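J.: My questions will all concern the structure given below.
The values are calculated or read from the model by the stated rules, or taken from the named source; none is laboratory data. Every value quoted in this text rests on a predicted model; they were computed, and no experiment measured them. Every residue, glycine among them, receives a Cβ derived from its backbone with ideal geometry; neighbour counts consider all protein chains shown. Please note that ligands, DNA and RNA were not included when accessible areas were found on the heavy atoms of the full protein model with its side chains. Shrake-Rupley method; radii C 1.70, N 1.55, O 1.52, S 1.80 Å.
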Amino acid sequence: MNLRGDAFASHHVEAQPHCPTRFDPRLASAKIPAMRLTPERHETKGIVSMSAIDIQTDTAALGMQAKQASALMAKASAAVKNKALRRLAELLRTHVDALQKDNAKDLARAVAAGLAAPMVDRLKLTTTVIETCAQGCEQLAAMADVIGEIIGLREQPSGIRVGQMRVPIGVFGMIFESRPNVTIEAASLSIKSGNACILRGGSEAIDSNKALARLVRQALVESGLPENAVQLVQTTDRAVVGELIAMPQYVDVIIPRGGKALIERISAGAKVPVIKHLDGNCHTYVDDPSDIILAVKVADNAKTNKFSPCNATESLLVARGVAAEFLPQIASIYAAKGVEMRCCPEALALLQNYKENWPPAQVKQAQAAIDSEAFKLVPATESDWFEEYLAPIISIKIVAGVDEAIAHINHYSSHHTDAILTRDHVHAQAFLREVDSASVMVNTSTRFADGFEYGLGAEIGISTDKFHARGPVGIEGLTSLKYVVLGQGEVRV
């Protein structure tokens, strides 16, 4: 067998029979207790609760089943995985009515429980949401398969050739809140990346998540893949989370998506690695020199395009040399859109003076905003520089220049996404090198920090950690690299 020939010319090997985790061959013949999908236990308003023994038994069963499925998924061909994704897209489109019927149960419980309107809205499986999920599956199916890819293959002085092969992580557990479409996002990425996953959604979306998971498992079986490659925790009991994050023998990584409190709890209790970001205190810095028209447009979009995402700008830094020209213009826009501005003393004085001495030549919309109560200027406190508002609030600080901006960002930011708006190439390069964040941008909006916008097809979350995955986590973030060594009988001297 000539391993130097055409078989490795493209540095890609498909359907590698690789087990990505420490798979115990005894599992192949082990009798696994079946996960009780419809347990006859204590129920309140349709939500299942379980005993501690039940939770341990069933969560262990999920883990063992996922471990077995991961070995099969790791060697599945790209064609079979893509077939499953396309079939899932078909099933989503043909089951819209059934999905919305189950979704209605969640919505009714949410309204009865007094859940806030925005939270209820996030629970809705509208026709548009379902179609978006279907399109996402098709987009993933159309993407190249990275599993089995060999990179950096180089011949060493000994004659051996050493490279790295991209392989699935194995089993990931995902714990998420609210939006039921995350079930499809996670399942589709898991299938494409050749992993197995265990999903635990929020109690508020339990019926929707179950309905979606049934379609995923149907698509897997009909495509010749193990149905346990994607498993949904069937109970809303929070004790399951504690079990799931403490099973390193079955689960290789945990991915939480939700509020900061949830992620902090999981990170503190996990016995397996966690891919996470706690919050998104993102910054936009307007440099001196900068294109003021561009800066106003981008700073507006970065904050007001949508207030709730983790990639919305929460803090605006402005170089002193352009503050007098830039701040009144962006403040007028923020005021017109109801954004409260929490300012450092220098910015506050500048904008208060501007408000009191309003030039008559300004546009009427801005004039109306200035004359109304909508123009909200508030002194910033120290805590504001750390804050992720997820609301129509922004902190504003005037800085001496790019060095002070970088120092401020590295001290106060959550290391998520930060941008510089500048015409100075040297300043831009310094910002890119020195800002310690998962995504660093030049002359564009922080709202682009998203797996789809980055060309990843989809994302399972965003990581602000520095090991394994950083930034939006797509298919490659759900893989790892192992070394492969090719030889023709070489021996070490």
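J.: If you take every residue apart from residue 423 with its C-beta less than 10 Å away from the C-beta of residue 423, what net charge results, scoring Lys and Arg +1 and Asp and Glu -1? Working shown, then result.
T.: Numbers: positive: none; negative: 287, 288, 291, 424.
Here the charged neighbours net out to -4.
J.: Wrap a convex hull around the Cα atoms of the stretch 85-126, take a quarter of its surface area, and give that in square nanometres.
T.: On the way: hull surface 12.7 nm².
With the hull built on Cα positions only, its mean projection is 3.2 nm².
J.: Leaving out ligands, DNA and RNA, what percent of the accessible area of the stretch 187-262 is carbon and sulfur, probe 1.4 Å? The partial results should precede the final answer.
T.: Values: 930 of 2000 Å².
The value for the stretch 187-262 is 46 percent carbon and sulfur by accessible area.
J.: Which GluC sites (Glu not before Pro) in the stretch 241-337 pass both tests, a DSSP loop state and at most 10 other beta-carbon atoms within 10 Å? Spell out each step's value before the answer.
T.: Values: sites: 243, 264, 314, 325; in loops: none.
Those that pass, being in a loop and sparsely packed, number zero.
J.: Another question about this same structure. Just the Kirkwood number for the stretch 392-493, please: inverse of mean 1/r across all distinct Cα pairs, in Å, one decimal.
T.: On the way: mean 1/r = 0.0616 Å⁻¹.
Result for the stretch 392-493 stands at 16.2 Å.
J.: Using the Karplus curve 6.51 cos²θ - 1.76 cosθ + 1.60 with θ = phi - 60°, what ³J(HN,Hα) values do you get for each residue of the stretch 221-238, in whole Hz, with x for Gly and Pro?
T.: So the Karplus estimates, Gly and Pro as x, are 5, 5, 9, x, 9, x, 5, 7, 5, 10, 10, 9, 5, 8, 10, 9, 4, 5 Hz.
J.: Classify the stretch 229-352 from the C-alpha gyration tensor, please: rounded if a/c falls under 1.5, else prolate or oblate depending on whether a/b exceeds b/c. Don't jump to the answer; show the numbers that get you there.
T.: On the way: a/c = 3.33, a/b = 3.11, b/c = 1.07.
Cα axes put the stretch 229-352 in the prolate bin.
J.: For a test of the definition: using alpha carbon positions, the gyration tensor, and the 1.5 limit on a/c, classify the stretch 154-306 as rounded, prolate or oblate. If you can, show how the numbers build up before the last one.
T.: On the way: a/c = 1.84, a/b = 1.21, b/c = 1.52.
Taking the square roots of the gyration eigenvalues as a ≥ b ≥ c, the stretch 154-306 is oblate.
J.: Translational D (Stokes-Einstein, µm²/s) of the stretch 60-144 at 4 °C and 1.567 mPa s when Rh comes from the Kirkwood sum over C-alpha pairs? Spell out each step's value before the answer.
T.: On the way: Rh = 15.3 Å.
The diffusion coefficient I find is 85 µm²/s.
J.: Can I ask one more? For residue 75, which aspartates and glutamates qualify as cross-link partners when the Cα separation must be under 19 Å and same-chain residues fewer than eight apart are set aside?
T.: Straight-line reach from residue 75, under 19 Å: 14, 24, 145, 149, 222, 227, 252, 476.
J.: What translational D, rounded to a whole number of µm²/s, comes out for the stretch 183-229 from Stokes-Einstein when the hydrodynamic radius is the Kirkwood one over Cα pairs, at 25 °C and 0.890 mPa s? Walk me through the numbers before you get to the answer.
T.: Values: Rh = 10.9 Å.
It diffuses with D of about 225 µm²/s by this estimate.
J.: How long are the three semi-axes of the equivalent ellipsoid of the stretch 130-237, in whole Å, if each is the root of 5 times an eigenvalue of the C-alpha gyration tensor, listed from largest down?
T.: Numbers: eigenvalues 229, 44, 29 Å².
In descending order, the three semi-axes are 34, 15, 12 Å.
J.: Please report the net charge: other residues with Cβ closer than 13 Å to the Cβ of residue 475, K and R +1, D and E -1.
T.: On the way: positive: 81, 166, 192; negative: 145, 149, 185, 459, 476.
Cβ neighbours under 13 Å give a net charge of -2.
J.: Oh, and also: How much net charge surrounds residue 87 when only other residues with a Cβ under 14 Å from its Cβ are counted (Lys, Arg +1; Asp, Glu -1)? Kindly include the intermediate steps, with their values, before the conclusion.
T.: On the way: positive: 81, 83, 86, 93, 192, 214, 217; negative: 90, 138, 222, 227.
Residues close to residue 87 contribute a combined charge of +3.
J.: Please list, ordered by chain and number, the residues whose modelled amide H lies under 5 Å from the amide H of residue 285; skip anything fewer than 5 residues away on the same chain.
T.: 317, 419, 420, 421
J.: Any idea what log10 I(q)/I(0) is at q = 0.13, 0.19, 0.20, 0.23 Å⁻¹ for the stretch 184-266, Debye with uniform C-alpha scatterers and no solvent?
T.: -0.43, -0.91, -1.00, -1.27
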